[in-house]
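Notes to accompany the following structure.
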C-alpha cells in the first residue's frame, strides 16, 4: 500500500491520500481523542503523540498536530493508516459514520431561494476546492445578509482561512447573490 502526503495551507495539518475511498459519503472530524471513539482509525491516529485532530474526507485523511515536526510524526501516522487498511477493520465501529453535529441550520423562510443558491455554489464550486486542501465547509445559516459557514479539517484553525472566507468565498457569493453582505465562520 502506497500512501501519498500533501501539504495543506495550514502548516499544522497534513493530508494523507491512501489511494482508496476513505468515506464514500459525508465527512468525519474528531478534534480530540474522546470524539474519536467511534472510529478505530481515528483512535489509532490520536495515539500518536502530538496529534490533535483527525478528519476523513472522500479519499483522504487530514491529521493536525499541536507540536513536533512532521518528519518525526509522519512515519507513525503512515504506519497507523497502513495498518488500519491492511487489517480490513471498518472505519467506524458500527459500520456507519456517526452523525456530525454542525448545529441546526437557520434562515428566514423568505430567504429560501437565496439559501438554495448559496448551498448550490458551496457544493459545486467551493467544497471541491476546499477538499483539495484537506478540509470541508458546510452551510450553517443566513441572516441579515450574513452567511454562516462551518470550517472543518485542514480549514479549521488554518491561518489562511480568514482570507479564504473573506476574499474567496465572500466575493464569489456576492458576485452571484447581491443579498450577501458578508461571510463568517461559526
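Between the Cα long axis of helix 112-121 and the first principal axis of the chain there is an angle of about 40°, rounded to the nearest 10.
Would you compute, from DSSP H runs of 4+ residues alone, the mean residue ellipticity of the chain at 222 nm, taking -39500 (n - 2.57) per run and dividing by the full residue count, rounded to the nearest 500?
Working: 5 runs with 48 residues, N = 186.
About -7500 deg cm²/dmol.
Once you have a ≥ b ≥ c as the square roots of the Cα gyration tensor eigenvalues for the stretch 3-92, tell me rounded if a/c is under 1.5, and otherwise prolate or oblate according to whether a/b is larger than b/c. Rounded is the answer for the stretch 3-92, as its axis ratio a/c remains below 1.5.
In this rough spin-label picture, where each label sits 7 Å from Cα along the Cβ direction, the residue 116-residue 67 distance is 5.2 nm. To the nearest ten degrees, helix 70-87 and the longest principal axis of the Cα atoms of the chain are 80 degrees apart. Here the simple spin-label model places points 7 Å from the Cα toward Cβ, and for residue 174 and residue 6 these points are separated by 2.9 nm.
Multiplying the residue separation of residue 20 and residue 163 by 0.36 nm and removing their Cα-Cα distance gives an extension gain of 48.4 nm. Highest mobility in the GNM of the chain, judged by mean-square fluctuation with C-alpha springs under 10 Å and restricted to 109, 29, 83, is found for 109. Each residue in 150, 21, 183 was given a count of other beta-carbon atoms within 10 angstrom of its own, and listing them fewest first yields 21, 150, 183.
Evaluate the stretch 106-185: find the radius of gyration of its Cα atoms, find its Kirkwood radius, and give the ratio Rg to Rh. Write out the running numbers ahead of the final one.
Working: Rg = 11.8 Å, Rh = 12.5 Å.
We get a ratio of 0.94 for the stretch 106-185.
Here the Gaussian network model covers the chain, with springs between Cα atoms less than 10 Å apart; of 13, 62, 117, 117 fluctuates the most.
Could you line up 136, 67 from fewest to most neighbouring Cβ atoms inside 10 Å? Walk me through the numbers on the way to the answer.
On the way: 136 26, 67 9.
Sorted ascending by nearby Cβ count, the order is 67, 136.
In the Gaussian network model of the chain, springs joining C-alpha atoms below 10 Å, which of 120, 104, 69 carries the largest mean-square fluctuation? Result for the chain, Cα springs under 10 Å: 104 fluctuates most.
Taking one equal scatterer on every alpha-carbon of the chain, how large is log10 of I(q)/I(0) by Debye at q = 0.08, 0.10, 0.12, 0.16 1/Å? Scattering profile of the chain, log10 relative to I(0): -0.27, -0.42, -0.59, -0.96.
Calculate, for residue 125 and residue 87, the FRET efficiency according to 1/(1 + (r/R0)^6) with r their C-beta to C-beta distance and R0 45 Å; round to the nearest 0.05. List each step's numbers first, then the result.
Details: r = 38 Å, r/R0 = 0.85.
So, using R0 = 45 Å, E works out to roughly 0.75.
Taking other C-beta atoms within 10 Å as the exposure proxy, 156, 35 rank 35, 156 from fewest upward.
No lab work stands behind these numbers, since they all come straight from the coordinates. Bear in mind the structure is a predicted one, so any value in this text is a computation, not a measurement. Here Cβ is always computed from backbone atoms with ideal geometry, including for glycine, and neighbour counts include all displayed protein chains.
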